[in-house]
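Heads up: the structure comes next, in structure tokens.
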Amino acid sequence: QVQLVESGGGLVQAGGSLRLSCAASGRTLSNYNLGWFRQAPGEEREVVAAINRSGGSTYYTESVKGRFTISRDNAKNTVYLQMNSLKPEDTAVYYCAADWTTGLRVETTAWKYDYWGQGTQVTVSS
């Protein structure tokens, strides 16, 4: 099993930046797809970004392309989400997730992920 803990959320002005981190314990992440998801009040959880187990393929939802970057450091057993040019509509609880796989395809479907963090609040003021 994998335990995931997010950190780095907070309150930031529009146009600012935040860097979210998700540290894993229990198992190494080398055989896991990793993803960042978010859920705003009154809305369903959506994928923000995902990265495959090798780090060679990534996915971004259209609204964050060019602003957010997902990366992973397997030596530190950590996945990151760098968020630049933040907008008020980015306000949400952000979750990291891990998906066991033997393949190289990026996974973007929430229900297919095996393990989830507790979430970290990101609030962008206008």
Within the stretch 1-44, strands (runs of 3 or more DSSP E) holding 1 or more residues that are farther than 19 Å from Thr78 by Cα and touching a Gly at 6+ places or on another chain (Cβ under 9 Å): 32-39
Restricting to the stretch 106-117, name every residue that is open to solvent by 40 Å² or more (accessible area, probe 1.4 Å) and either outside any strand (DSSP E or B) or among the β-branched types (Val, Ile, Thr) (or both). Thr108, Thr109, Trp111, Lys112, Asp114
For the stretch 103-112, state whether one or more residues are touching a helix residue (DSSP H, G or I) at 6+ places or on another chain (Cβ under 6 Å) and in contact (Cβ under 8 Å) with a residue 24 or more places away in the chain. no
Scan of the stretch 87-105 for residues that are over 13 Å from Phe37 (Cα atoms), in a loop (DSSP other than H, G, I, E, B) and at pLDDT 95 or above, ordered by number: Lys87
Is it fair to say Thr123 is open to solvent by less than 60 Å² (accessible area, probe 1.4 Å), under 19 Å from Leu20 (Cα atoms) and part of a strand (DSSP E or B)? yes
Test: residue in the stretch 50-58 that is over 11 Å from the mean Cα position of the chain (by Cα), at pLDDT 95 or above, of a type in the set (Val, Ile, Thr) and open to solvent by 10 Å² or more (accessible area, probe 1.4 Å): yes
Show the residue pairs meeting these rules: Cβ distance below 6 Å; 6+ apart or different chains; first residue within the stretch 66-86 and at negative phi and assigned to a strand (DSSP E or B); second residue open to solvent by 60 Å² or more (accessible area, probe 1.4 Å) and charged (D, E, K, R). Gln82/Arg19
Would you call Gly103 open to solvent by less than 60 Å² (accessible area, probe 1.4 Å) and of a type outside the set (A, V, I, L, M, F, W, C)? yes
Tell me the residue from Thr78, Thr69 that is under 12 Å from the mean Cα position of the chain (by Cα), under 15 Å from Glu6 (Cα atoms) and surrounded by 12 or more Cβ atoms within 10 Å (Cβ to Cβ), please. Thr78
Looking at (1) more than 13 Å from the chain's Cα centre (by Cα); (2) farther than 19 Å from Val2 by Cα; (3) open to solvent by 30 Å² or more (accessible area, probe 1.4 Å), can you tell me which one Glu46 breaks? (1)
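The values are calculated or read from the model by the stated rules, or taken from the named source; none is laboratory data. None of these values were measured; they are calculated from a predicted model. Methodologically, a virtual Cβ is constructed for each residue, glycine included, from the backbone with ideal geometry; neighbour enumeration extends over all protein chains shown. To get the accessible areas, we keep the full protein, side chains included, count just its heavy atoms, and leave off ligands, DNA and RNA. Shrake-Rupley method; radii C 1.70, N 1.55, O 1.52, S 1.80 Å.
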